[in-house]
Amino acid sequence: MRRFCSTRRLFSAPSLHLYAALLLAPLFTAAPGLRAQSPAASPMPIEQPTVLVSATQRHATSLNGPWHFIPDPYRNGWGGWPDEPSAPSPNGFVADKHFDPRGPVQEYNWPDEPELAVPGDWNSQRAELLYYEGLVWYQRNFTYHPAAGMRSFLHFGAASYRANVTVNGKNVCEHQGAFTSFDCDATAALKDGDNSIVVAVDNVRKRERVPTTKTDWWNYGGLTGEVSIVEVPAAGFIDEDRLWLERGAGDHVSGRAHVEGVATGTPVHLRLPELHVDVNAKTDAQGIAHFSFEPKGLERWSPEHARLYRVEWQVGSDQLADTIGFRTVEVRGGEILLNGKPIYLKGVNMHAEAPRSYAAYPESKSGRAWSEADARLTLGYARALGCNFVRMAHYPYPDAFLREADRAGLLVWSEIPVYWSIDWTSPEALASAKSQLHEQILRDGNRASIALWSMSNETPPSPDRTEFIHKLIDQARAEDPTRLITSAMVTPFHKDAEGNSTATLDDPLVPYLDVLGYNEYIGWYTGKSDDAPSYRWSDPSGKPVIVSEFGAGAKTGMHGDVRDRFTEEFQAHLFEKQFEMIDKMPFVRGTTPWVLMDFRSPTRLLPGIQDGYNRKGLVSLSGEHKAAFEVVRRQYAKTPAQMTAH
Ligand code: GCB
């Protein structure tokens, strides 16, 4: 198995392999010193997880449901020193031992430990874990019968932030990054019959992690995505597949599939039955088969016509099916083009926060969203607002959200959690940002909805910051040249000669981006809502701009004057004035008000009003529309021409 399997790219260049290996090495390779201090460490080498693209489309054995858990603030479960080893020792909680009063000292007992629902963050399931940040051990038993000739991968939708996975006492993989999916090859550790899996999940915030120590959202911990076992033929299987429509005239579709474990020249079969496409290609020395064809009668995917096609891949006995839409996105001058035509992005910001009106498990109260039902409900609010676009702030969202966006015809801004002040000179932070970007592009590369990869949000300009993000931009362009690159930035305001507040969109990142995102909070953090229409904006780059955040807090049901903060009237009035200003900014090609729905944030403390929630939602967590919802809906009912007629 490849050591750095997760670093191989569909659009790879040889140099990329090398730098990815070097950069990701410190994250994933055990420091020799640490290993040496842990004499009881498992002798079995730990494989790095891979990303099985389209894993959720394969037949799988679900491991969702109740798992036992042990919160471990003193980190005893590692089974020895050091405090944070590269892998759990068999002396620790990974041992599926049962307490015996006459046996040796045993200070935990898995069958009697309490349970948490998986998927699910631990914070929202148990009052005593609401503020818990640290190490939690998860365990469950399951019966499994490995099929002959198959390899078995443990699929994790997301685990926040670091996960060490152990099967039957054997370490099978470690992953870092709270939001992206990963797959661990557990073939050698699984047994026929009863099995035990233990996952150490640690969500401690650290300076060198991405995101870092401060965010305006809850640091949900736990197995927050679905867990399953996915089987693929050992003789060879597709671990990456991607198809895309080329920019330019005609309907030219290109594609690639990587097949793991086969000889050069292995045939790969691709069918799109609705388009009567039936083509073959052979793997090259890297295991990649390249495709190129021009289907007749292709209907392009768009918000008005979210056409998806069934796609079937086959290599030997491995079969993989998906549904994929075909469209192009590009920038021409100051325009964003979808399928060659200018589009105005009527959007809204989101968090992957589950609404309270839907709970997959009765004991869960909102928390990190993960399911198709969460996606349908929240993206449904965006559709009701009249959106053709959502900004999935500030981190990669569950696969279910992107698939729902594909079906709902919502274009997507997808982001990595390079948020506020990252430790720009830390190699570990850069490696983490790169691996999260890589895993996101790998998993979501086939989603027609994703138009923009966002590299960052509100990062204070400095040469180190710009260099860090520039590296991410280079990586994103190399891994996916079919989408646009953006970042959400902020700009200071100055007074011009007439006393008007002015802003120039000239962040040092601008030259590297295709589309500029600018966040501003006129009327909330700066200035007065009524003054917004007098602000003067200039965009010297001529690039299209998305006003990527603007908004105000409002508690549902709180009413008062437009000058009273946290009333619905204040929020609605602010949006009216904002749209008056934005409609006069000729370079704006999209807006995403902050934010679709209220969400938990430990920094929002105002008693009786915030109570631990950011209240800038247009919708409350129980789904009630605030007055501002209607203001945004009315704005989005206008035609682009009405919005840009100055
Ligand atoms: C911002 C951030 C966003 C916050 C928001 C707020 O600028 O990008 O993450 O939640 O403001 O509510 O202050």
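The values are calculated or read from the model by the stated rules, or taken from the named source; none is laboratory data. Predicted model, so just to flag it, every value in this text is computed and none were measured. Positions of Cβ are generated from backbone atoms using ideal geometry, with glycine treated the same way; all protein chains shown enter the neighbour counts. All accessible areas refer to the heavy atoms of the entire protein, side chains included, with ligands and DNA or RNA removed. Shrake-Rupley method; radii C 1.70, N 1.55, O 1.52, S 1.80 Å.
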Output ³J(HN,Hα) for segment 615-626: one whole-Hz value per residue in order, computed from phi by the Karplus curve 6.51 cos²θ - 1.76 cosθ + 1.60 with θ = phi - 60°, and x for Gly and Pro.
9, 7, x, 7, 10, 7, 5, 9, x, 6, 7, 8
For peptides 568-581, 464-477, sequence by mean Cβ density within 10 Å, most packed first
568-581, 464-477
Counting pairs on different chains as well as pairs 8 or more places apart, how many Lys pairs in segment 494-646 have Cα atoms under 20 Å apart?
16
For helix 568-582, what angle does its Cα long axis make with the longest principal axis of the chain, in degrees from 0 to 90 and rounded to 10?
70 degrees
Give the relative contact order (percent, whole number) for segment 282-376; include only Cα pairs under 8 Å separated by 6+ residues.
13 percent
Computed E for residue 98/residue 128 - FRET, C-beta separation, R0 25 angstrom, nearest 0.05:
0.50
Please list, in order along segment 422-431, the HN-Hα scalar couplings obtained from phi with the Karplus expression 6.51 cos²θ - 1.76 cosθ + 1.60 (θ = phi - 60°), rounded to whole Hz, x for Gly and Pro.
6, 7, 4, 9, 7, x, 5, 5, 5, 4
Apply the a/c threshold of 1.5 to the C-alpha gyration tensor of segment 495-646 and tell me whether it is rounded, prolate or oblate.
prolate
What ranking do 291-303, 169-181, 506-518 get when scored by the average of other Cβ atoms within 10 Å per residue, highest first?
169-181, 506-518, 291-303
Mean Cβ-within-10 Å packing, highest first, puts peptides 613-622, 425-434 in the order 613-622, 425-434
Near the amide H of residue 502, under 5 Å away, which other amide H atoms are found, from residues 5 or more places off or on another chain, if H is placed in the peptide plane?
494, 495, 496, 536
Tell me the carbon and sulfur percent of the accessible area for the chain, rounded to whole percent, probe radius 1.4 Å.
54 percent
Given +1 on the Cβ of Lys and Arg, -1 on the Cβ of Asp and Glu, and no further charges, what dipole in debye does the chain carry about its Cα centre, rounded to the nearest 20?
640 debye
Per residue, how much accessible area does the chain have with a 1.4 Å probe, in Å²?
36 Å²
Return the sequence-ordered ³J(HN,Hα) values of segment 526-542 in whole Hz as given by the Karplus equation 6.51 cos²θ - 1.76 cosθ + 1.60 applied to θ = phi - 60°, using x for Gly and Pro.
9, x, 10, 3, 4, 7, 3, x, 8, 5, 10, 10, 10, 10, x, 6, x
